[in-house]
Amino acid sequence: MDSDIRNGEVSVPLPARMDAEVVFIGRLRTPWKDRADCPRQGRDDGPECKIEVDATWRAGLAGLEAYARLDVLYWMDRSRRDLVVQNPARDDRLIGTFALRSPVRPNPIALLNVALVRVEEDGLIIRGLDCLDGTPLLDIKPNRCEFSPKAVAKPIGEET
């Protein structure tokens, strides 16, 4: 990993023990296999991508069709975690990790607001992702700015 450090960047040793456990609930399917090909930030006019939700969690998708926008949290599993000062590409400044949206961070959690295209049996079709294919999914939430769905969703199991 040391060869990946740009001029002026500062790395720190990672702790021997980690404090939390997370459960990946699925995977993100995108056209990007290499980080160099990923967009810097997702865009609504980007390609359709899929949020594959593991079978255990699919019942949790009920009601999402009522929302236009979702917040997707994912684990950037191929990112290094030890830089506290970074030298962003195409920028001559040295910047603290927490002042950047870089995937390089102590806990590589990403939060992205995406456009919901449709709900499918095994997941969601969305626009606006910016991650590598196969990235682990942490969570899906209706956008925090949409306090209520577009239409009132019926509770699970309620007859029409």
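What follows draws every value from the coordinates through simple rules; no lab data is involved. All figures in this text were calculated on a predicted structure; none of them were measured in a lab. Reconstructed Cβ throughout: ideal geometry from the backbone, glycine too, with neighbour counts over all protein chains shown.
Annotations for the structure displayed:
- Karplus-derived HN-Hα couplings along segment 90-102 (A = 6.51, B = -1.76, C = 1.60, θ = phi - 60°), whole Hz, x at Gly and Pro: 6, 8, 8, 8, 9, 9, x, 3, 6, 9, 10, 9, 4
- Projecting label points 7 angstrom from Cα along Cα→Cβ for Arg69 and Glu52 puts them 2.9 nm apart.
- Whether the chain is rounded, prolate or oblate, judged on the alpha carbon gyration tensor where a/c under 1.5 counts as rounded: prolate
- Between Arg43 and Gly128, Leu129, the built amide H atoms are under 5 Å apart, and every one of these is 5 or more places off in sequence or on another chain.
- For segment 1-100, the set of GluC sites (Glu not before Pro) satisfying both a DSSP loop assignment and a count of at most 11 other C-beta atoms within 10 Å is given as Glu21.
- Taking label points 7 Å from Cα along the Cα-to-Cβ direction, Val12 and Leu100 give a separation of 1.5 nm.
- Selection of trypsin sites (Lys or Arg not before Pro), segment 87-129, meeting DSSP coil and at most 16 other Cβ within 10 Å: Arg90, Arg93, Arg101
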